[in-house]
Number of protein chains: 2
Amino acid sequence: MMREIHDHEMLIRFIKENNIAFSEELLPHLHLYRFDQGDLICSQGDPADMLYVLVKGKVKVFTTSPEGRTLILSFKKPLEVIGDIEYVRGTETMNTVEAVSRVEMIGVHHRWLKKYAAADPAFLEFLLHIITNKFYVKSNSMQFNLLYPVEVRLASYLLSVSYDSSSNVLKKQHSSASLRDAANLIGTSYRHMNRVLQQFCANGFIERVSGGIMVIDRAGLTAIAGNNIYE
Amino acid sequence: MMREIHDHEMLIRFIKENNIAFSEELLPHLHLYRFDQGDLICSQGDPADMLYVLVKGKVKVFTTSPEGRTLILSFKKPLEVIGDIEYVRGTETMNTVEAVSRVEMIGVHHRWLKKYAAADPAFLEFLLHIITNKFYVKSNSMQFNLLYPVEVRLASYLLSVSYDSSSNVLKKQHSSASLRDAANLIGTSYRHMNRVLQQFCANGFIERVSGGIMVIDRAGLTAIAGNNIYE
DNA sequence: TATGTTTGAGGACATATGTCCTTTCCTAAA
DNA sequence: TTTAGGAAAGGACATATGTCCTCAAACATA
């Protein structure tokens, strides 16, 4: 479960190390939070009132379509900002964000940003850089998705989720996502994902273990994935 | 061909009407340009040194993959900024932008922006809003592309390109794009596009005329396209 | 006009992916 | 232990899309 870490020194260190453009006045209003694997940082459709800076760990961002299909959008590692678009546009949360590993984030309420950062060129420029970068990454991933088949996307996905797992095993109870969900995440049917997994098994890239998948040849998968979009 | 319009009053009027956050010092360095249908505003890979504000007409943005496939990214109408991402990131031009109709744009060299606008909160915020909005649109179109078949995307495309043409005809010599290119633009093969066009003909949505396509039932296409991404 | 060349439409087939259903296996409650 | 329920794997078939090729219309040129 999410909880606050009361360690202001560590918080300040994070800000210094990452050159985060929070002005002096904001410092008293910053909080450091820890999320466990599987925790939701925010959910699509919820009102957005916090902006988070991811400083440690890994999250995945996904959306759910009106028809109920789930689509993975990206995995994010530090340094990344969550909720920036919503802050600027003043809209509700666009996508759901879930912790893939244990995660630490600096959180600040919109109220204080509006009060102390809305006219701060350093902060605005910080946001601009983060968002343009995000735009660039999304652009790439869009082309990736349109240009490459499921095989490639799945390889990419497997590499991503086996990142922080000591055992390289994708377990079925992995976070809230069963293997079934994994299919939705890469934008294909469960059936088809299974076909491709079968093929990966045949090639010796992975092995099926009870209730999950074990990656045994990262190099092989990497060769298929090319420039991984989910990283 | 692109040419400058020496009408400072009109330029100022555009800025006022659209609430573009150009500061006083920038005004002497702004230029108003006109592009004819088919003109390229910028080309993928070129060094970027101008930022443009689209104030009139319509452009299409597309990218070319390493394998040579062309992929349409979006159509843009006023008010829109071209080259904003490149300005912020300091990178070369990401995508190619082509005028779909006669187009008018305000252009300003990066040099002056850096000098007079880099620390101007109003301008930074203006950019932030433009870019976050762009991000949102791209997000949507990505999901659109992943979630819907060629049929839907093609209907969407036909509606877009027939927008400014008095005759509702997509001519083969339309800008630099032959019908052949149109297929690449929506991310499918020429062959498959033809299949879907055949189907549209059978349904009475369009008609083949010499060297092109004529839209005769916009409502029918709209029903298929749903929420048009290319608009 | 005759002839060669280019371009577009469409046929035939292959591959990618989706849907539905069946079988197998695991788990939990009786 | 037995059994009902559910999850996972995979078979069978349908649909979407891609590739290659052929034919015909259009167009240019002699």
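The values are calculated or read from the model by the stated rules, or taken from the named source; none is laboratory data. Model, not experiment: these values are computed from the prediction. Using ideal geometry, Cβ is built from the backbone for each residue, glycine included, and neighbour counts are taken over all protein chains shown. The area values use the complete protein model at the heavy-atom level, side chains included, leaving out ligands, DNA and RNA. Shrake-Rupley method; radii C 1.70, N 1.55, O 1.52, S 1.80 Å.
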Counting only residues that are touching a strand residue (DSSP E or B) at 6+ places or on another chain (Cβ under 6 Å) and more than 21 Å from A:Asp84 (Cβ to Cβ), the stretch A:5-38 contains a total of 2
Matching residues in the stretch B:1-42 - criterion: being among the charged types (D, E, K, R) and surrounded by 14 or more Cβ atoms within 10 Å (Cβ to Cβ): B:Arg34, B:Asp36, B:Asp39
Only residues that are open to solvent by 20 Å² or more (accessible area, probe 1.4 Å), over 27 Å from A:Val161 (Cα atoms) and within 20 Å of the chain's Cα centre (by Cα): list them for the stretch A:92-119, please. A:Glu92
Kindly list, by first and then second residue, each pair from a residue in the stretch A:215-227 that is at positive phi to a residue that is open to solvent by 10 Å² or more (accessible area, probe 1.4 Å), limited to pairs with Cβ atoms under 7 Å and residues at least 6 apart or on different chains. A:Gly226/A:Val152
Only one of B:Leu51, B:Leu71, B:Leu79 is open to solvent by 40 Å² or more (accessible area, probe 1.4 Å) and touching a residue at least 60 places away in the same chain (Cβ under 8 Å), namely B:Leu79
Residue among A:Asn227, A:Asn168 that alone is at pLDDT below 80 and in contact with a Ser or Thr (Cβ under 8 Å, 6 or more places away or on another chain): A:Asn168
Looking only at the stretch B:5-32, count how many residues are within 24 Å of B:Leu124 (Cβ to Cβ) and either touching a residue at least 24 places away in the same chain (Cβ under 8 Å) or not assigned by TED's automatic domain parsing to the domain that holds B:Gly83 (or both). 14
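Suppose we keep only residues that are within 10 Å of DNA strand C (Cβ to nearest atom) and in contact (Cβ under 8 Å) with a residue 24 or more places away in the chain within the stretch B:183-195. Which one would you say is least open to solvent (accessible area, probe 1.4 Å)?
Pass one, the stretch B:183-195, residues within 10 Å of DNA strand C (Cβ to nearest atom): B:183, B:189-195.
In the following step, the residues that additionally are in contact (Cβ under 8 Å) with a residue 24 or more places away in the chain were identified as B:192-193.
Values: B:His192: 62, B:Met193: 3 Å².
So the residue we want is B:Met193.
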Kindly provide the set of residues from the stretch A:121-132 that are out of contact with any Lys or Arg (no Cβ under 6 Å at 6 or more places or on another chain) and facing chain B (nearest Cβ under 7 Å), ordered by number. A:Pro121, A:Leu124, A:Glu125, A:Leu127, A:Leu128, A:His129, A:Ile131
Taking the stretch A:16-62 and keeping residues touching a Lys or Arg at 6+ places or on another chain (Cβ under 9 Å) and of a type in the set (Ser, Thr, Tyr) leaves A:Tyr33
Out of all the residues in the stretch B:142-164, is one or more buried (at least 16 other Cβ atoms within 10 Å of the Cβ), touching a residue at least 12 places away in the same chain (Cβ under 8 Å) and facing another protein chain (nearest Cβ under 8 Å)? yes
